[in-house]
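Colleague: Before I ask anything, here is the structure I am working with.
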Amino acid sequence: MFYDSGDAFRRAEHKSITLLGMSGVGKTMLAERLPTDLWFHYSADYRIGTKYLEEDILDNIKRQAMQVPFLRNLLLSDSIYICSNITVQNLDPISTFLGKIGRPTPDGMEEGGLSYADFRERQDLHEQGEISSMHDVARFMRKALDIYGYPNFINDASGSICEIVDPSGGQEDPVLHALAEHTLLLYIRAGEADYNRIQAAAMRNPKPLFYRDDFLRSVIPEYRKERGLSAAPVEQVADIDPDDFVKWVFPKLWQHRIPRYQAIADRYGYVVEAADVAGVRDHDDVINLVADAIDRRVRAAA
């Protein structure tokens, strides 16, 4: 969705925005600056976890619980039940399900790594859920207005959305086409300071992430070589340290995603800097931030 000017966006009766960018750049923070009585906040990660991965997440938790005799007996007798408490602010159940690739723990519990096949299966399930969650946006926009009376809508997209679409500018990507048809795409671009902050957090607490299969297959041999591990087929990962791999691969994943995000913004939307997003305080600041991005693109195209 494009506008002729920032003022045209300001005057729009019903505004709809999709926020794009790496996890940690400020998408959710920006969404939360908007008044909840005027804006419906749609979280892709929340939708993925509570709709498309809910059963898989619970099965994974139950699988682990069944290895503990005390819990096994209670589960088999229906004395307890297990549920996940996913919120927009707490997506740990999704991360736990995605897991990490590499060496398993001796007792089989999943604090360690997964085989390549198991890891890939979970990644593929997440990808399917993420695609479906983006195709749900238009329907939720209608529901938000017709049922709940929200005049405006903000779609807080997952940090891995650039991995599930084709931003090359070739054949029209169905996900991007659907989002651009119904929403204004706003890319929050991270600078060096943002990268350092996000990387430091990733180093302190390595979290599972989504990787394209072609990307993963290209970096695993490089990791093995740098770590002095023997050459082996990509699918053989039992000697890879899961946390070490997540830390090692993070800068490469970042550099891999930056041009993909920029290509999406160049073709479909607008760009704001993460440093400017950090200074946003309220609804008016958000509107001005977006309007200024529109005017910059209009001037650049003139």
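The values are calculated or read from the model by the stated rules, or taken from the named source; none is laboratory data. None of the values given here were measured: they were computed from a predicted structure. Don't worry about glycine lacking a Cβ; one is built from the backbone with ideal geometry, like all the others, and counts go over all protein chains shown.
Colleague: State yes or no: is Gly24 in a helix (DSSP H, G or I), more than 16 Å from His182 (Cα to Cα) and either touching a strand residue (DSSP E or B) at 6+ places or on another chain (Cβ under 8 Å) or not acidic (Asp, Glu) (or both)?
Modeller: no
Colleague: Looking at the range 170-216, which of its residues are more than 17 Å from Ile131 (Cβ to Cβ) and touching a strand residue (DSSP E or B) at 6+ places or on another chain (Cβ under 7 Å)?
Modeller: Across the range 170-216, the qualifying residues are Leu184, Leu186, Tyr187, Ile188, Arg189, Gly191.
Colleague: Out of the residues in the range 217-253 that are β-branched (Val, Ile, Thr) and out of contact with any strand residue (DSSP E or B) (no Cβ under 6 Å at 6 or more places or on another chain), which is surrounded by the most Cβ atoms within 10 Å (Cβ to Cβ)?
Modeller: Out of the qualifying residues, it is Ile220.
Colleague: Within the range 9-37, how many residues turn out to be closer than 14 Å to Ala291 by Cα and touching a helix residue (DSSP H, G or I) at 6+ places or on another chain (Cβ under 8 Å)?
Modeller: The qualifying residues number 5.
Colleague: Given the options Lys100, Lys62, Lys51, name the one that is under 17 Å from Glu127 (Cα atoms) and surrounded by fewer than 19 Cβ atoms within 10 Å (Cβ to Cβ).
Modeller: Exactly one of Lys100, Lys62, Lys51 is under 17 Å from Glu127 (Cα atoms) and surrounded by fewer than 19 Cβ atoms within 10 Å (Cβ to Cβ), namely Lys51.
Colleague: Considering the range 40-55 alone, what residues qualify as being part of a helix (DSSP H, G or I) and touching a His at 6+ places or on another chain (Cβ under 9 Å)?
Modeller: Ile48, Tyr52, listed by residue number.
Colleague: Then there is this: Please work out which residue is surrounded by the most Cβ atoms within 10 Å (Cβ to Cβ), limiting yourself to the range 70-97 and to residues that are under 19 Å from the mean Cα position of the chain (by Cα) and either charged (D, E, K, R) or assigned to a helix (DSSP H, G or I) (or both).
Modeller: Going through the qualifying residues, I end up with Ile94.
Colleague: Which ones in the range 83-113 are touching a Lys or Arg at 6+ places or on another chain (Cβ under 7 Å) and at pLDDT 90 or above?
Modeller: Phe97, Leu98, Gly99, Gly113
Colleague: Okay, next question. With respect to His41, is the statement that it is within 24 Å of Val165 (Cα to Cα), modelled with pLDDT of 95 or more and surrounded by fewer than 19 Cβ atoms within 10 Å (Cβ to Cβ) true?
Modeller: So His41 fits the description; yes.
Colleague: Also, quick follow-up: So, in the range 141-164, how many residues would count as being surrounded by fewer than 17 Cβ atoms within 10 Å (Cβ to Cβ) and part of a helix (DSSP H, G or I)?
Modeller: Total meeting the criteria: 4.
Colleague: Gly129 - would you say it is closer than 18 Å to Ala238 by Cα, touching a Phe, Trp or Tyr at 6+ places or on another chain (Cβ under 9 Å), among the small types (Gly, Ala, Ser) and buried (at least 17 other Cβ atoms within 10 Å of the Cβ)?
Modeller: no
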